[in-house]
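> Attaching a single structure in structure tokens format; questions to follow.
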Amino acid sequence: MAMYDDLLERLARYDAAGFLPMHMPGHKRTALGGEELPWQLDITEIDGFDNLHEAEGILKDGMELAARLYGSARAFYLVNGSSGGILAAMAAAAPFGSRILMARGCHKSVYHAVELLHLEPFYLTPPVDPSFAVAASMPPEAVESALAQHPDVRLVVLTSPTYEGVISDIAAIAAVCHRRGVPLLVDEAHGAHLYFHPAFSGGAVTAGADLVIQSVHKTLPSLTQTALAHVQGELVDPQRLAHFLAVFQTSSPSYLLMGSIHRCLKLLEHQGQTLFDDYARNLQQLDRRLESLRHLRVLCHGADHCSRHSDFFAFDPGKLFIGTHGTDLTGPQLTALLRQRGIEPEMTAPQGVLAMTSCCDTAETLERLAAVLLEVDDLCHSVDTLGILPTPPLPPVRHTIAQARQLPAVSLPIPEAVGRTMAESLWIYPPGIPLVVPGEVLTGDIVQRLQQVTASGVQLHSDSGLAPQQVLVAETQ
Ligand SMILES: Cc1ncc(COP(=O)(O)O)c(C=O)c1O
């Protein structure tokens, strides 16, 4: 078969060649399952299309392109999002049953890895920004002192950028970790776009993290589920990562998804500069418009500047966290007003709403957002509110997550469960950050926070689906 360097193009050529598919998938490239889907491009590992888990051809080329573009030693396509990559990366870097250091605000996939690998985590809690109630950057000194306190830690896991766009000083944190020979894994699910323009910086690969996981689908033009794992340095064996990627991902990766990653990488390679020049310019124009907001405030945009947030190392200008604190609106009310005006935001918090932009936005789409925000701003009023909701202190831990999952559990109404050991996680989704995890004590402070969250109209989730009424707790302490 002729070599084409673009996977989607090769798939289209293959379809046109008219081979009789006496192999999977069972749809046989017919449209019986619905005219809307691109069945003709959906194949399995047939001759000429390489094999993700033993890549030697077009998939290997694409992954090498990813490593080149981002500057890593080796990159892997992920077809189960950053979630699958995080499981594999943690399994590759942290020995079973070992101790790790992780940001408390990590995504639930990190907690899932802690559970599966029977890890014992020590939590890092960054400062909370006093004006927007979002987690600030992780101070390198906090990582340094935690490592000094727990010298047997085998891995450090952080999120940068956060969902709201806050970036940590990964170069300094990596240096701290490397001085002790500990690998640093950065969950960069929200930061795959930080590498193509000076207006977007702070990428963890460039900063020297050992493992970096990026959801290509979150901030770049690529299909949902697509992501990348990068590995570099001497502390993590790429073959171990490859092994665990095969453990945690399907043995039948979708060529549509992989074709989408490949196309996205090629787009970045050939048109990245133009795309991101336009994007940066459009965001600057949006900022000028947002300077006129009188009540709502947008984190590090408009009248608010990153320099006002002394606990931020850097910020991703692609994220717009619209704070409602100090106005007569809650986050859910602002979301409702945006929806009524045809805008669906990314996430609703009790005191704010996250709107995410990408290089696929245009001057027009961002102007539409600005116009709606200014219109809604006119409708609301500044009021004295109770202030930023405090973050509850970390609860005491009675068991590891893995141990707690084995305990017989009962369900109780949440207020009656205070003081009991949790047998499940409670979290707000998005962003999917747990408020309490199995093995921890459900404290009065956490219950108060849960009540504030639900009262504000933001949805609370639990593994059992019983929240917000009931929770699963261990039968005995
Ligand atoms: C910080 C963070 N990490 C990881 C993930 C998981 O990413 P994916 O949806 O690509 O599996 C998410 C998803 O929301 C996230 O917010």
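> Using only DSSP helix segments of four residues or longer, with each worth -39500 (n - 2.57), what per-residue ellipticity at 222 nm results for the chain after dividing by its residue count and rounding to 500?
Only helices count here, giving -10500 deg cm²/dmol.
> When ranked by the protection proxy of mean other Cβ atoms within 10 Å per residue, highest first, what sequence do the peptides 89-97, 190-198, 114-122, 463-471 form?
Highest-to-lowest ranking by the protection proxy: 190-198, 89-97, 114-122, 463-471.
> Further, regarding this structure: Over the chain, what is the relative contact order in whole percent, taking alpha-carbon pairs under 8 Å and six or more residues apart?
Averaging sequence separation for qualifying contacts and normalising by length gives 14 percent for the chain.
> Residues with amide H under 5 Å of Thr327's amide H, sequence separation 5 or more or different chain, H placed in the peptide plane at 1.01 Å from N; which?
It is Val383, by chain and number.
> Next question, about the same structure. Tell me, what is the Rg over Rh of segment 75-218, with Rh the Kirkwood radius over Cα pairs?
Ratio of gyration radius to Kirkwood radius: 0.94.
> Sticking with this structure for a sec: What residues qualify as long-range amide H neighbours of Val471, i.e. H under 5 Å apart, gap of 5 or more or another chain, H built at 1.01 Å from N?
Amide H neighbours of Val471, under 5 Å, 5+ apart: Leu412, Ile414.
> Hey, how much of the P(r) for segment 401-474 falls beyond 21 Å, as a percent of Cα pairs?
Taking all Cα-Cα pairs of segment 401-474, the fraction more than 21 Å apart is 15 percent.
> Can you compute the FRET efficiency between Ser251 and Arg180 using 1/(1 + (r/R0)^6), with r the Cβ-Cβ distance and R0 = 35 Å? Round to the nearest 0.05.
For Ser251 and Arg180, the calculated efficiency is 0.40.
> From the Cα gyration tensor of segment 1-77, with a ≥ b ≥ c the square roots of its eigenvalues, which class applies: rounded if a/c is under 1.5, or else prolate if a/b is larger than b/c, or else oblate?
It is prolate, given that a/c is not under 1.5 and a/b is the larger ratio.
> Placing +1 at every Lys and Arg Cβ and -1 at every Asp and Glu Cβ, with all other atoms neutral, what dipole size does segment 3-116 have around its Cα centre, in debye to the nearest 20?
Dipole about the Cα centre, nearest 20: 640 debye.
> Beyond a 19 Å Cα-Cα separation, which of these cross-linked pairs lie in this structure: Lys218/Lys319; Lys218/Lys266; Lys108/Lys218; Lys108/Lys319?
Listed pairs above 19 Å: Lys108/Lys319.
> To continue, here is another question. Apply the membrane-span-like helix rule to the chain: whole DSSP H runs, Cα extent along the own long axis of at least 27 Å, mean Kyte-Doolittle hydropathy at least -0.5. List the helices found.
Taking the DSSP H segments of the chain (at least 27 Å long, mean hydropathy at least -0.5), we get 255-290.
> Regarding segment 202-241, what are the three Cα extents along the principal axes, ordered largest first, in Å?
Principal-axis extents of segment 202-241 (Cα, largest first): 32, 25, 8 Å.
> Okay, next question. Could you work out the percent of alpha carbon pairs in the chain separated by over 39 Å, rounded to a whole number?
When every Cα pair of the chain is considered, 26 percent fall beyond 39 Å.
> Rg to Rh for segment 106-184: what is it, with Cα atoms only and Rh by Kirkwood?
Over the Cα atoms of segment 106-184, Rg/Rh equals 0.96.
> OK, next. So what are segment 278-379's ellipsoid semi-axes, whole angstrom, largest first, if each one is the square root of 5 times an eigenvalue of the alpha-carbon gyration tensor?
So the three semi-axes of segment 278-379 are 19, 17, 12 Å.
> Let me ask something else about it. What distance in nm separates the simple spin-label points at Val128 and Gln406, each placed 7 Å from Cα in the Cβ direction?
About 3.5 nm, to one decimal.
> Could you point to the residue in Phe96, Ala146, Ser109 farthest towards the positive end of segment 33-159's charge dipole, with +1 and -1 charges on the Cβ of Lys/Arg and Asp/Glu respectively?
So the residue furthest toward the plus end is Ala146.
> Treat every Asp and Glu Cβ in the chain as -1 and every Lys and Arg Cβ as +1, leave all other atoms uncharged, and give the resulting dipole magnitude about the Cα centre to the nearest 20 debye.
Magnitude of the dipole: close to 480 debye.
> Show me the three semi-axes of the equivalent ellipsoid for segment 7-266, from the C-alpha gyration tensor (sqrt of 5 times each eigenvalue), largest first, rounded to whole Å.
Sorted largest first and rounded, they come to 36, 19, 16 Å.
> Nearest 0.05, what FRET efficiency do Leu32 and Thr224 give at R0 = 30 Å with Cβ-Cβ as r?
E between Leu32 and Thr224, to the nearest 0.05, is 0.80.
> At a temperature of 4 °C and a viscosity of 1.567 mPa s, determine how fast segment 312-470 diffuses translationally according to Stokes-Einstein, using the Kirkwood radius over alpha-carbon pairs as Rh; express D in µm²/s, rounded to the nearest whole number.
In µm²/s, the coefficient is 73.
> Tell me the relative contact order for segment 41-82 as a rounded percent, counting alpha carbon contacts under 8 Å between residues six or more apart.
Dividing the mean separation by the residue count of segment 41-82 yields 23 percent.
> Follow-up. With a 10 Å radius around each residue's Cβ, average the other Cβ atoms per peptide and rank 76-85, 60-69, highest first.
Highest-to-lowest ranking by the protection proxy: 76-85, 60-69.
> I've got another one for you. For Ala146 and Leu20, what does the FRET efficiency come to when R0 = 56 Å and r is the distance between their Cβ atoms, rounded to the nearest 0.05?
0.40
> Sticking with this structure for a sec: Putting +1 on Lys and Arg Cβ atoms and -1 on Asp and Glu Cβ atoms, find which of Val397, Gly342, Ala371 reaches farthest to the positive end of the dipole of segment 274-425.
Of the listed residues, the answer is Val397.
> Follow-up. Test of the criteria: in segment 177-271, which GluC sites (Glu not before Pro) are in a DSSP loop and have at most 10 other Cβ atoms within 10 angstrom of their Cβ?
Within segment 177-271, the qualifying GluC sites (Glu not before Pro) (loop, at most 10 other Cβ atoms within 10 Å) are Glu234.
Each value in this text was obtained by applying a stated rule to the coordinates, not by laboratory testing. Given the structure is predicted, the values throughout are model-derived calculations rather than measurements. Note that we place each Cβ from the backbone using ideal geometry, even for glycine, and neighbour counts take in every protein chain shown.
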